[in-house]
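Structure record follows, encoded as structure tokens.
Coordinate-derived values only; no laboratory data. Just so it is clear, the model here is predicted, and its values are computed rather than measured. Every residue, glycine among them, receives a Cβ derived from its backbone with ideal geometry; neighbour counts consider all protein chains shown.
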Amino acid sequence: MSTIRTTRFAEEQVVVRTERRINGAVSIYIFLWLLEGALRKWVPETASVLYVARDLIFAASVLILMLGRSSRSGTARWFWPASLSILALAVVQIFLGIVSPTVAALGARSYLAPALFVAAVAVWGRPSTLRVVQRAVLIAVPFELALSMLQAFSPARSWVNAQVGSDEASFVNFGVVRPSGTFSAPAGLLTFVPLALAFTLEKFSARTGKSTVLATVLTAATFLIVALSGARGVVLGVAVVVAAYAACAVAGWGRPKRLPLAPLLTLILVSGVAASVLFSSILSSFAQRFNDASRSENPLARLLNQAVGFVDSPLTLLGTGPGSRSQVGIAAGSAFGWLEIDNDRWVAELGLLGFVLALVRVVAFVWLVVLTVRRIGDGQWLFALISASFLPTLFSGSLTQTPSAQAGAAVTIGLLLLCERYRAPRVRGSVLRPQSAQQHAFSG
């Protein structure tokens, strides 16, 4: 009997140690995702190191988990075939002189680093891992709002609007700077803001005394960041999250626990009025930008081109090499031109393999839409909100263009895997509630 107890205690210690290690690795990853842009902008000496630091630190943490005794809670059988395919292609391209080793290494990182994070969360992630991410994102919201306000109201040449490699903001519309917050560029907000709204709405819906006040403040702060962002992608992402919340509220009618819709609509109205009063000149500038962009290019056609335009892209068997069409690759000596759209760049860089990846992305989008609708019907509201925050990015946004985009996509996909594994509807006071004794052992 004592032997059985000793064995169980040893196994429990392995579970606890694994959970502590993966959560520590994820915490560092999230910290650098949210703050590496700020450090690279305002501490220029760290720019080169921080460009790769996050992924190297996380890779070292994964290696420790692999080599040490750890408790796995899932699998990621897709990781090695996908990674080895990209690496093998890069080796062939280097051998044939298509791409230099430096450019190939930088480019391969943009594909493999996000996949490594997703695979690690799939294998070792726990419900507490999701709580770690949620806590970090919610803490970041008021800081992003304060910094965005300061950036929008400051001149382009002020220190707060410094960019990586420049003392002046690059994104200025009619004299108003598009805020980037703690990220290296405004595009960093495209993933963060919708995800932050998904988390704040999950807390907002709980209606548990004092936490409701805090959740209301954080939700309103997120809406104010949207008003300051000046980005159509942020507006679209937030609109999809709000639509998903409304769908969850309607689907929950007649259930003992349902999402409050009227308070959210009231909060949106109040936030809109506050933004129009506080940021009138900023909103006017961004509205003009939106109008000019809509006149010069059909927004729907633009989204469709970003999503499926790759089918008309020139296709070669091997491509020009990973990183050869990226900004970092060009800076490292690539002779090819930059391609902004992810799918087009994948096809150009990876050839037939990139075309397959782009097709997989389209299929994944359709599958995630269907799954989201099902989870709304099942009452799995947290999954639905996080999924809604990611759908616009998965459809036509950037997954591998910049380190911020890579990390944002990887974090969101990892969260979806955790939500799907440890399914739970909206839970008062916590993000997830394990549904079985085995899951309870992993919950911390």
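General observations
- Cα gyration tensor, segment 190-232 - rounded (a/c under 1.5), prolate or oblate: prolate
- Dipole magnitude (debye, nearest 20) for the chain, charges at Cβ of Lys, Arg, Asp, Glu: 1700
- A simple rule links phi to the HN-Hα coupling: the Karplus curve 6.51 cos²θ - 1.76 cosθ + 1.60 with θ = phi - 60°, which for segment 168-174 gives 10, 4, 8, 10, 10, 10, 6 Hz, with x for Gly and Pro.
- Shape call, segment 86-190: gyration tensor on alpha carbons, a/c limit 1.5: oblate
- Ranked by the mean number of other Cβ atoms within 10 Å per residue, highest first, peptides 109-115, 361-367 order as 109-115, 361-367.
- Extension gain, TRP42 to ALA287: 0.36 nm times the residue separation minus the Cα-Cα distance gives 85.2 nm.
- Full-extension gain in nm, SER211 to GLU12, via 0.36 nm per residue minus C-alpha separation: 68.4 nm
- When the charge dipole of segment 2-441 is built from unit charges on Cβ atoms (+1 for Lys and Arg, -1 for Asp and Glu) and taken about the Cα centre, the candidate among LEU352, SER324, VAL141 whose Cα reaches farthest toward its positive end is VAL141.
- Mean Cβ count within 10 Å, highest first, over the residues of peptides 339-348, 305-314, 216-225: 339-348, 216-225, 305-314
- Across the alpha-carbon atoms of the chain, the computed radius of gyration and Dmax are 22.2, 77 angstrom.
- Under the span-like rule (Cα at least 15 Å along the axis, Kyte-Doolittle mean at least 1.0), DSSP H helices of the chain: 47-67, 79-95, 101-124, 127-152, 189-204, 210-229, 232-251, 262-278, 352-378, 381-396
- Helix-only CD estimate at 222 nm, as mean residue ellipticity for the chain, using -39500 (n - 2.57) per DSSP H run (n ≥ 4): -23500 deg cm²/dmol
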